[in-house]
Amino acid sequence: MQKKLFIKTYGCQMNVYDSARMAEALAPLGYVPVDTVDDADLAILNTCHIREKAAEKVFSELGRLRVLRNEREKPLLIGVAGCVAQAEGAEIQRRAPFVDLVVGPQTYHRLPHLVAQALHAPVVDTDFPAEDKFDLLPTERSVDGPAAFLTVQEGCDKFCTFCVVPYTRGAEASRPLRQVLDEACQLAAKGVREITLLGQNVNAYHGLDENGRPASLATLMRALAAIPGIARLRYTTSHPRDMGDDLIAAHRDLPALMPFLHLPVQSGSDRVLAAMNRRHKADDYRRIVGRLRDARPDIALSSDFIVGFPGETDADFRATMALVEETGFAQAFSFKYSPRPGTPAAEAADAVDEAAKSERLAELQALLLRQQTAFNAACLGRTLPVLLEKPGRHPGQLVGKSPYLQAVSVVGLNEGIGSVVDVMIDTVLSNSLSGVPAGRPAADRAA
Ligand code: 5AD
Ligand code: SF4
C-alpha cells in the first residue's frame, strides 16, 4: 500500500543528498515522497548539528510534529536522522520521548528495517557500522532536474577545534572511483548536466581505482568530465590543506570544472588559525588563491568565516577583515562562534562576549555583502553560459545558474530545462541576475 513520506532537510548539501537517498531506500516499502507533513505517514527530520541554533531548531520542529500527531486521526511515525541524531540520540529520547526512530548518517541504508521496527517500539541506530551504506542502498537514483549532488567523500580527520563533523560524520572515507562513476553515468543518462561532488573534506578524496590505487579528486573529475552529457562539475567543501597541484591544474585544464570554488578559511589571523587547528596560515591561503587565479583567472571564490572564536582579539579580527579586503569574495558565509559539546574549543576559558561577536559579524558581513554586490554588478552587460534548471516565477521565464553559481532568470528562450545557453545579463538584482539569450535580435527576445 502506498504511504506518504515527508522529509525535512536542514544543514548542508550532503543532507540534501542523504534525504534523496533515504527516500530511495524507503521506496520499496511503498513510501512516496510528499511536500507537506499534513497527511504524511512518516515524517523524518534530517538534521544539522553544526551550530547550536541549527540543532535547537530540531526540538521545536519535533514539538510541532507531536501536536500534529495528537490532533489528527491518522497515525504518524516521527523520525530524526542526520547529525543531531548521531550526536544526541540519547538526548532526543530524553527530551522528545515520542520520537519513534533515530538514525545517524551512516546507517540510513537500514531504514526499511528500522521503520518496520519503529512501528512496534522506538528505535535508535547511531552506529558507525563496518558495512558501507553505499554498497547497500538501492543503486537506482531518482533525479530532480539537471543539477545533481553526488557524495564522493564523507567524514573528516582534520579535527578543527570548533567542529562537530569528525564526531557526527565519522572518520574520513572516500567512495571507490568506479562506484562514483557508475552513479554519475546513471545521473547523466537521466538528463543530469551538472554534478556537484560532495564531501565534508571533498578535496581529500582518495577513492580506490580499479587497480586498488588511490585516485585524487582531480583524477575523478577528469573521468567525470568524459561522461557524455556532463557539462559542468563543481565540488564542495574543500580544505586549503588539500588544494593539491593536480586539483589546481584541473581548474586550468578542465572546461567542465566551473570557475567557482568554496574554500573556507575561517579566520585571517594566524594565532586564531592555530587555535582552530586549521594547520595552515593566512599566507598559505593567499598563496593558494594566487595559484588558483593563475590557473583560472576568472575563478570566483566563496568562503566560510567564524568570528568570536575563543581568544579572538580585535587585532585578530582586523586580520580577517584584511584578508577579505585583499582576496575579494564573490559570496561567503559567516557565523558567530558557537561552542559545540564535545569539541576542544568548547572547553576554552577565553570566550569572546556576545556583543563583540555581534559587532564583528555585522562588520564582516557588511564587507562581504559589498564584495558580493560588486561581483554581481560586474556581470552587467556580460554574456554568461547558464544551465537552465527550472521554471521561473513568470510565464516564459526559466531560472538557472551562471558558472559562478549566481541564480539567473532568463526570458525569450527557444531552449528548455537542461540546456546551457549564453545569456546577456541586463539586470542585476540583490541576489540574482536576469537576462536574455545572447546574440538574438531584440524583437526575438520578447517572444
Ligand atoms: N561555530 C560557528 N561556526 C561553525 N562552523 C563550523 N562549526 C562552527 C561552530 N562551532 C562553520 C564553519 C564551517 C561551516 C560549515 O560552519 O565556518 O566551515
Ligand atoms: Fe550540519 Fe555538518 Fe552534519 Fe552537514 S555534516 S548536516 S553541516 S553537522
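Quick one: count up the residues across the stretch 38-59 that are among the charged types (D, E, K, R) and within 15 Å of ligand 2 (Cβ to nearest atom).
5
Looking at MET321 and the list (1) more than 10 Å from ligand 1 (Cβ to nearest atom); (2) assigned to a loop (DSSP other than H, G, I, E, B); (3) surrounded by fewer than 21 Cβ atoms within 10 Å (Cβ to Cβ), which single condition is not satisfied?
In the conditions (1) more than 10 Å from ligand 1 (Cβ to nearest atom); (2) assigned to a loop (DSSP other than H, G, I, E, B); (3) surrounded by fewer than 21 Cβ atoms within 10 Å (Cβ to Cβ), MET321 misses (2) alone.
Just name the residue that is least open to solvent (accessible area, probe 1.4 Å) out of those in the stretch 203-219 that are among the hydroxyl-bearing types (Ser, Thr, Tyr) and either over 17 Å from ASP157 (Cβ atoms) or touching a residue at least 40 places away in the same chain (Cβ under 8 Å) (or both).
Checking each candidate, the answer is TYR205.
Between a first residue in the stretch 61-79 that is at positive phi and a second residue that is modelled with pLDDT of 95 or more and open to solvent by less than 40 Å² (accessible area, probe 1.4 Å), which pairs have beta carbons less than 6 Å apart while being 6 or more apart in sequence or on different chains?
Sorted first by the residue in the stretch 61-79, then by its partner, the list stays empty.
So, in the stretch 230-262, exactly how many residues are within 16 Å of ligand 2 (Cβ to nearest atom), in a loop (DSSP other than H, G, I, E, B) and in contact with an Asp or Glu (Cβ under 9 Å, 6 or more places away or on another chain)?
Number of matching residues: 1.
Please find, among LEU150, LEU187, LEU137, the residue that is within 19 Å of LEU247 (Cβ to Cβ), open to solvent by less than 20 Å² (accessible area, probe 1.4 Å) and either among the acidic types (Asp, Glu) or away from ligand 2 (no atom under 15 Å from the Cβ) (or both).
Just one listed residue meets the conditions, LEU150.
Within the set of pairs 6+ apart or on separate chains, which have a first residue in the stretch 281-300 that is closer than 14 Å to ARG241 by Cα, a second that is exposed (fewer than 15 other Cβ atoms within 10 Å of the Cβ) and modelled with pLDDT of 95 or more, and C-beta atoms under 8 Å apart?
Listed by first residue and then by second, the contacts come to ARG286/GLU326.
Is there a residue being open to solvent by 20 Å² or more (accessible area, probe 1.4 Å), away from ligand 2 (no atom under 16 Å from the Cβ), in contact with a helix residue (DSSP H, G or I) (Cβ under 8 Å, 6 or more places away or on another chain) and within 22 Å of VAL164 (Cα to Cα) anywhere in the stretch 60-83?
no
Do any residues in the stretch 341-365 that are under 19 Å from ARG278 (Cα atoms) have Cβ atoms under 6 Å from those of residues that are at pLDDT 95 or above and open to solvent by 40 Å² or more (accessible area, probe 1.4 Å), where the two are at least six apart or on different chains, and which pairs are they?
Matching pairs, first to second residue: ALA346/PRO339.
For the stretch 90-206, please list each of the helices (runs of 4 or more DSSP H) lying entirely inside it that holds at least 3 residues being under 30 Å from VAL307 (Cα atoms).
By residue number, 165-168.
Would you check which residues across the stretch 190-202 are open to solvent by less than 40 Å² (accessible area, probe 1.4 Å), away from ligand 2 (no atom under 16 Å from the Cβ) and touching a Ser or Thr at 6+ places or on another chain (Cβ under 9 Å) and list them?
The answer is none; no residue qualifies.
Could you tell me how many of the residues in the stretch 299-314 are in a strand (DSSP E or B) and open to solvent by less than 10 Å² (accessible area, probe 1.4 Å)?
So the count comes out to 6.
So CYS48 passes all but one of these: (1) under 24 Å from the mean Cα position of the chain (by Cα); (2) more than 22 Å from GLN106 (Cβ to Cβ). Which condition number does it fail?
The one condition CYS48 does not meet is (2).
I'd like the full set of residues that are over 22 Å from the mean Cα position of the chain (by Cα) and buried (at least 16 other Cβ atoms within 10 Å of the Cβ), limited to the stretch 224-253.
Passing the criteria: only ILE227.
What number of residues within the stretch 1-22 satisfy the criterion of being at pLDDT 95 or above, open to solvent by 20 Å² or more (accessible area, probe 1.4 Å) and away from ligand 1 (no atom under 16 Å from the Cβ)?
Within the stretch 1-22, residues that are at pLDDT 95 or above, open to solvent by 20 Å² or more (accessible area, probe 1.4 Å) and away from ligand 1 (no atom under 16 Å from the Cβ) number 6.
The values are calculated or read from the model by the stated rules, or taken from the named source; none is laboratory data. Quantities reported herein were computed from a predicted structural model and do not represent experimental measurements. With ideal geometry, Cβ positions are generated from the backbone for all residues, glycine too; neighbour counts draw on all protein chains shown. Areas reflect the complete protein model, heavy atoms only, side chains present, ligands, DNA and RNA absent. Shrake-Rupley method; radii C 1.70, N 1.55, O 1.52, S 1.80 Å.
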